[in-house]
Amino acid sequence: WDSITSSVVLTTSAEIYAGSLLTFSFNVLNSVTPRSPVQPSIGATSPSIIVGVACMSGSTLSSSESPSITFARVSESSGVLDSVNTLMFVVRANIPLRFNYTLNVSGMSGAEIPANQSLKGFHAGYFQKEFGTDSYSNSALFRVTSEIPANTKIMLAFDVINQKRQASSPVLQASINCSTECSSLLKGAVMNYAGPILLSQINPSFSVATISQETSSPFQNNILFVTLATNAYLPFNPDSKKRVTITGLLGANASSGSISLGGASPFTNANWNIDCAACLSMEVNDQLLPGMNYVFFFYVRNPSAPQAAPTIQISSTFTSSVQNMTLGVGDSAPLYVKKFDFLQISAVQNTSAPCTQNRICFQLTANDLILPSYQFKIAPFVNAIIPTDSNHQVSLSSTSFRAHWSQSDEALYVTSTCVLPAGEQKFCFDLNNPTIAQVAPVLRISERNIKLNYTIPTDVFSMSSPLYISDDLFSAEWSSIEQSSFKPCTNNSIHVNLLPNYDLSVSCKLNLTFSGLMGTAYTSSKMTVAISPKSNNFPFSQSAYFDASIGELIVDMSSDIKAHEVISFDITLLNSNMSQMQHEIQLSSAQHVFKSFPLICSSVNNKFCPIYIEKPELLVNYIGQDNSWPSGTNKIQLSLTLNFGLSGHHNGKLVLSGFPPQSLVDRYVVDDSFSQIICSAENINQEIYFSMQPISARFGIQNAELSTHFICTKESGTYFYNGTGWMSFNLQENDVHVATIAAEHTIDSLLYGTSSDIRFF
């Protein structure tokens with residue numbers, strides 16, 4: 001530097017080639033007083049070459065500006081009363097800030113600058129870490145340790161504690177102390193800011209206070225999650241610990257006293273107190289940073305009854321008012337307990353047959369967890385018999401449930417063996433159907449603790465509905481009856497076909513009653529008739545009870561009935577001698593296992609529908625003789641047609657009348673094969689006479705063994721023998737002598753027959 005000529009002389013240290021571009025810089029100290037700019041010149045010399053002086057382009061060394069702070073701005077992090085507030089500064093000076101310069105921020109009246117804090121901000125490294133304060137001027141002094149170029153925006157930050165009461169906003173200023181190089185303090189830099197600084201008009205509060213839950217299931221262990229954040233920095237003071245209280249946790253079940261908090265948070269030493277409207281109180285054992293979310297959780301037990309989420313509030317020793325907490329939405333709303341319910345229940349059975357083992361299956365769709373603490377009552381299982389063990393436990397198809405049976409209230413009590421998720425569940429169990437036909441009962445499922453009362457949708461007339469017991473054991477359409485004969489006084493074979501709709505166990509002890517079988521020749525009220533099976537695996541006894549007085553036949557079951565296997569059998573009855581129209585034959589059961597119904601006559605001809613009987617008719621086709629001469633033997637010839645049967649067993653007789661007595665000189669026929677001529681066993685002569693009038697009517701004698709028209713007499717017809725002794729007898733004109741019996745019982749007889757037709761006693 002040549003101070004006389006104000007020149008800078010540079011000496012080359014290496015060869016400089018033509019066309020080279022030389023760039024270099026150096027520092028000078030501007031004039032203390034203002035001056036106009038100059039246009040410097042440049043030239044070069046060497047032992048062999050002289051380069052002329054030339055003016056340089058541009059001007060320099062203008063020093064018209066005074067040293068000053070050209071930009072100053074401040075902002076704050078919090079306007080909360082009595083809370084930590086971070087002040088952030090941006091300062092720019094038109095001079096470099098060299099080592100040992102100081103930046104002074106003043107005017108922070110009312111704010112407290114905590115001691116022993118470190119400077120923060122982007123350019124904090126250019127300043128001494130610990131900065132000084134002046135409580136008198138409410139100033140902070142920052143000493144430069146590394147030079148900062150001129151016109152650099154310097155960004156710094158430090159903390160203050162806001163005023164405890166609201167006050168007016170102070171005026172902050174920034175200044176630079178240049179030390180010896182800059183004798184005057186650079187002032188005139190009032191801080192600019194948007195809105196008031198250090199006004200402290202906001203009360204401390206929770207900027208975030210939310211609470212939610214894990215489950216809305218009634219009577220279930222629950223986790224409540226809490227998230228808290230404050231609007232201010234709250235330092236920790238071990239000598240004066242802050243407390244936070246959450247109130248309004250209505251319905252929550254927890255033991256009074258210490259309660260454990262989970263999660264990494266500054267909240268500890270929590271206590272549950274039911275006396276303060278179910279509240280949780282805790283200590284703050286660390287600083288609270290503004291806007292920082294602190295999350296913790298704790299355990300409670302939900303109430304058993306459904307409820308809406310209560311209003312939950314939070315307060316503290318550092319906030320001035322009670323705040324409502326923000327609740328979770330829907331099922332996550334704290335202490336919201338949904339009503340447990342079934343979205344859908346279906347119940348089906350696999351058979352509607354009476355007196356048969358049946359399987360009932362339930363399919364449940366729950367809207368929430370099914371807990372082992374729930375005891376569901378399903379009832380009424382009307383007339384059901386459910387097999388159990390000695391402890392009344394019922395075997396279920398699913399291991400997720402267990403059950404016991406109460407016969408007194410016809411109820412099944414079901415509980416889950418574990419916590420079951422919401423959604424579909426299924427279980428089945430076996431029972432014995434009642435023997436009586438019935439409509440399906442309307443089942444209800446209830447649970448007392450959670451106030452559940454659900455009616456299971458039931459079609460009471462559906463065969464698949466539990467305990468619907470069918471009353472159509474036999475198909476009325478395919479069950480039929482017909483007879484073999486419609487003739488009076490003849491044996492009639494009644495043929496029956498039955499088609500079962502379902503299996504039936506012999507344990508039902510079913511009997512079938514066929515009513516309407518009127519018009520038989522029987523008079524007994526109780527008689528046994530034989531059954532002739534016409535189908536395989538015949539399930540009934542082969543004898544039946546018949547009450548002719550009311551036309552009722554009872555058939556007892558002897559083995560299992562198989563579904564859809566035709567049962568066929570015949571019974572033989574004797575038609576009466578009276579004509580009648582067909583009757584409706586009803587099939588029923590004394591046990592009411594099925595409803596009665598009329599059997600269809602399977603014949604297209606009504607005459608074969610039981611018990612149709614024609615009117616008895618005798619038609620003389622021809623009558624004649626072979627001798628018309630007097631005193632000659634004459635043979636009478638008859639041709640008859642009968643539409644009825646004659647049986648000696650039933651005293652059937654064919655009577656020909658109107659013949660003169662003297663004409664019956666040939667031979668007589670004993671009435672039937674079951675009656676005999678009764679004569680005395682005495683060794684006397686006896687005569688047999690034919691009485692045109694029946695003996696019973698003539699003498700008032702009722703003896704089934706006595707011949708109807710033949711009698712034994714003695715002493716020329718003065719007495720006749722009645723089977724026990726001799727009675728007076730007067731011969732009539734039309735009485736005909738037909739045989740003589742000697743004392744030794746030999747017969748001189750015109751009687752048509754043998755000696756076996758005469759009985760002696």
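Here are the numbers for this structure:
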| item | result |
| --- | --- |
| Residue 746-residue 460 pseudo-label distance in nm [points 7 Å out on the Cα-to-Cβ vector] | 9.2 |
| Most to least packed among 287-296, 57-66, 100-109 [average Cβ atoms within 10 Å] | 100-109, 287-296, 57-66 |
| By average C-beta atoms within 10 angstrom, highest first, the peptides 6-12, 318-324, 433-439 | 433-439, 318-324, 6-12 |
| The chain - mean residue ellipticity at 222 nm from DSSP helices (-39,500 (n - 2.57) per run, n ≥ 4, rounded to 500) | 0 deg cm²/dmol |
| Convex hull of region 372-489 built on C-alpha atoms - directionally averaged projected area, nm² | 12.2 |
| Accessible area (Å², 1.4 Å probe, nearest 10) - residue 74 | 0 |
| Phi to ³J(HN,Hα) by Karplus 6.51 cos²θ - 1.76 cosθ + 1.60 over region 145-153, Hz, x for Gly, Pro | 10, 9, 4, 10, x, 4, 6, 8, 6 |
| Theoretical FRET efficiency, 1/(1+(r/R0)^6), r = Cβ-Cβ of residue 620 and residue 565, R0 45 Å, to 0.05 | 0.30 |
| Anchor residue 451: lysines whose Cα lies under 25 Å away (excluding residues fewer than 8 positions away in-chain) | 338, 339, 377, 426 |
| Aspartates and glutamates with Cα under 15 Å of residue 120, excluding same-chain neighbours fewer than 8 positions away | 76, 130, 159 |
| Listed values [x] 174, 144, 60; [y] 128, 68, 45; [z] 213, 74, 38, entry calculated as Cα extents along the principal axes in Å | [z] |
| Solvent-accessible area per residue for the chain (1.4 angstrom probe, square angstrom) | 53 |
| Exposure rank, largest accessible area first [73, 243; 1.4 Å] | 73, 243 |
| Accessible area (Å², 1.4 Å probe, nearest 10) - residue 143 | 100 |
| Accessible area, probe 1.4 Å, largest first, for residues 714, 120 | 120, 714 |
| In nm, spacing of pseudo-spin labels at residue 409 and residue 16 (7 Å Cα→C-beta vector) | 11.4 |
| As computed over region 233-335, the Cα convex hull volume per residue (Å³) | 113 |
| Solvent-accessible surface (1.4 angstrom probe) belonging to residue 679, in square angstrom, nearest 10 | 0 |
| Karplus 3J(HN,Hα) series, Hz, for region 392-399 with 6.51 cos²θ - 1.76 cosθ + 1.60 (x for Gly, Pro) | 6, 7, 10, 6, 10, 6, 10, 6 |
| Shape parameters for region 58-144, alpha-carbon atoms, Rg then Dmax in Å | 15.7, 57 |
| Cut-off under 5 Å, modelled amide H: who pairs with residue 163 long-range | 82 |
| Relative contact order of the chain, pairs being alpha-carbon contacts under 8 Å that are 6 or more residues apart, as % | 7 |
| Karplus-derived HN-Hα couplings along region 454-463 (A = 6.51, B = -1.76, C = 1.60, θ = phi - 60°), whole Hz, x at Gly and Pro | 10, 8, 6, x, 9, 8, 5, 10, 8, 5 |
| Spin-label pair residue 602/residue 59, simplified geometry with 7 Å Cα→Cβ offset, distance in nm | 13.8 |
| Ratio Rg/Rh, restricted to region 300-393 and using Cα atoms, in which Rh is the Kirkwood radius | 1.25 |
| Exposure rank, largest accessible area first [719, 689; 1.4 Å] | 719, 689 |
| Cα-based reach from residue 509 at 24 Å (exclusive), listing lysines while leaving out same-chain residues under 8 positions away | 526, 534, 562, 595 |
| Among beta bridges that DSSP assigns inside the chain, antiparallel share in %, nearest 5 | 95 |
| Amide H partners (placed H, <5 Å) of residue 127, local residues excluded | 145 |
| For residue 577, distant residues with modelled amide H under 5 Å away | 489 |
| Cα convex hull of region 476-572 - mean projected area over all directions, nm² | 6.1 |
| Sequence-separation-based contact order of region 675-752, relative, with Cα cut under 8 Å and 6+ spacing, percent | 36 |
| Ranked packing of 19-27, 228-236, 342-350, most packed first, by mean Cβ within 10 Å | 228-236, 342-350, 19-27 |
| Listed residue (604, 387, 332) projecting farthest to the positive dipole end of the chain, Cβ model | 332 |
| Share of carbon and sulfur in the accessible heavy-atom surface of the chain [1.4 Å probe, %] | 51 |
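The values are calculated or read from the model by the stated rules, or taken from the named source; none is laboratory data. Predicted, not measured: the structure shown is a model, and the values here were computed from it. FYI the Cβ positions are ideal-geometry reconstructions off the backbone, even for glycines, and counts take in every protein chain you see. When the accessible area is computed, the model is the full protein with side chains, heavy atoms only, and any ligands, DNA or RNA have been set aside. Shrake-Rupley method; radii C 1.70, N 1.55, O 1.52, S 1.80 Å.
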